[in-house]
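Notes follow the structure.
The values are calculated or read from the model by the stated rules, or taken from the named source; none is laboratory data. Owing to the predicted nature of the structure, the values given are computational and were not obtained by experimental measurement. All Cβ positions, glycine included, derive from the backbone under ideal geometry; neighbour counts span all protein chains shown. Heads up: the accessible areas ignore ligands, DNA and RNA and are worked out on the full protein's heavy atoms, side chains in. Shrake-Rupley method; radii C 1.70, N 1.55, O 1.52, S 1.80 Å.
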Amino acid sequence: IFLRGRSKTMILMAGGQNIYPEEIEAKLNNLEAVMESLIYQEEGGKLTALVVPNYEMAQKNGWDTPKLKEVMADNLVELNKLVAAYERVSTIKLCESEFEKTPKKSIRRYLYPAAAKIVS
């Protein structure tokens, strides 16, 4: 028996695959300029990542919003190399503020993506 994540957060894809977003988020959080992330399924069945960039790092490197989006596009390509074919993320959306958390510092997933302040 292998525990891969919480059953509450599991995403069931149309093909019957079980996706545990925590595994994908852990890989995404290790990529450049990513502070925290949240994976969810959109209505079309595609996986989307909400990402809070590390704005301090971006400012230190002199990156503006278009450059940050370019870095995230590179991160998307790198992430999709690291995950299985059915776990591929279609888009990354940038959020301007950190996700709301519980007292034990876990993200309140049920609030998102509706509560996310997405950068255009």
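Restricting the first member to segment 50-63 and to residues that are within 17 Å of L76 (Cβ to Cβ), and the second to residues that are assigned to a strand (DSSP E or B) and among the charged types (D, E, K, R), the beta-carbon pairs closer than 6 Å and six or more apart or on different chains are L50/K93; V52/E36.
Residues that are of a type outside the set (S, T, N, Q) and farther than 19 Å from Y86 by Cα within segment 28-43 comprise L31, E32, A33, V34, M35, E36, listed in sequence order.
Checked against (1) closer than 23 Å to S106 by Cβ; (2) surrounded by 13 or more Cβ atoms within 10 Å (Cβ to Cβ); (3) at pLDDT 90 or above; (4) not β-branched (V, I, T), E56 passes all but condition (2). Candidates are the residues of segment 74-89 that are open to solvent by 50 Å² or more (accessible area, probe 1.4 Å) and out of contact with any helix residue (DSSP H, G or I) (no Cβ under 6 Å at 6 or more places or on another chain); the one that is nearest to I19 (Cα to Cα) is Y86. In segment 1-22, the residues that are within 14 Å of A84 (Cα to Cα) form Cβ pairs under 9 Å with partners that are of a type in the set (F, W, Y) and open to solvent by 60 Å² or more (accessible area, probe 1.4 Å), at six or more places apart or across chains, as follows: M13/Y86; G15/Y86; Q17/Y86; I19/Y86.
Look at (1) closer than 19 Å to T91 by Cα; (2) open to solvent by 50 Å² or more (accessible area, probe 1.4 Å); (3) in contact with a helix residue (DSSP H, G or I) (Cβ under 8 Å, 6 or more places away or on another chain) and you find that L31 fails only one, number (2).
Listed conditions (1) closer than 26 Å to R4 by Cβ; (2) β-branched (V, I, T); (3) touching a strand residue (DSSP E or B) at 6+ places or on another chain (Cβ under 6 Å) are all met by T102, apart from (3). Scanning segment 6-28 for residues that are surrounded by 15 or more Cβ atoms within 10 Å (Cβ to Cβ), touching a Pro at 6+ places or on another chain (Cβ under 9 Å) and not polar (S, T, N, Q) yields a single hit, I11. Residue under question is E43, and the condition is that it be within 21 Å of A115 (Cα to Cα), open to solvent by 50 Å² or more (accessible area, probe 1.4 Å) and not small (G, A, S); does it hold? Spelling it out, E43 is indeed within 21 Å of A115 (Cα to Cα), open to solvent by 50 Å² or more (accessible area, probe 1.4 Å) and not small (G, A, S).
Within segment 102-116, the set of residues being in a loop (DSSP other than H, G, I, E, B), among the charged types (D, E, K, R) and surrounded by 10 or more Cβ atoms within 10 Å (Cβ to Cβ) comprises R108 only. Examine segment 67-86 for a residue that is at pLDDT below 95, closer than 19 Å to Y110 by Cβ and in contact with a strand residue (DSSP E or B) (Cβ under 9 Å, 6 or more places away or on another chain), and state whether such a residue exists. Looking through segment 67-86, none of the residues is at pLDDT below 95, closer than 19 Å to Y110 by Cβ and in contact with a strand residue (DSSP E or B) (Cβ under 9 Å, 6 or more places away or on another chain).
S97 falls short on exactly one of the conditions (1) open to solvent by 60 Å² or more (accessible area, probe 1.4 Å); (2) hydroxyl-bearing (S, T, Y); (3) more than 21 Å from T9 (Cα to Cα), and that condition is (1).
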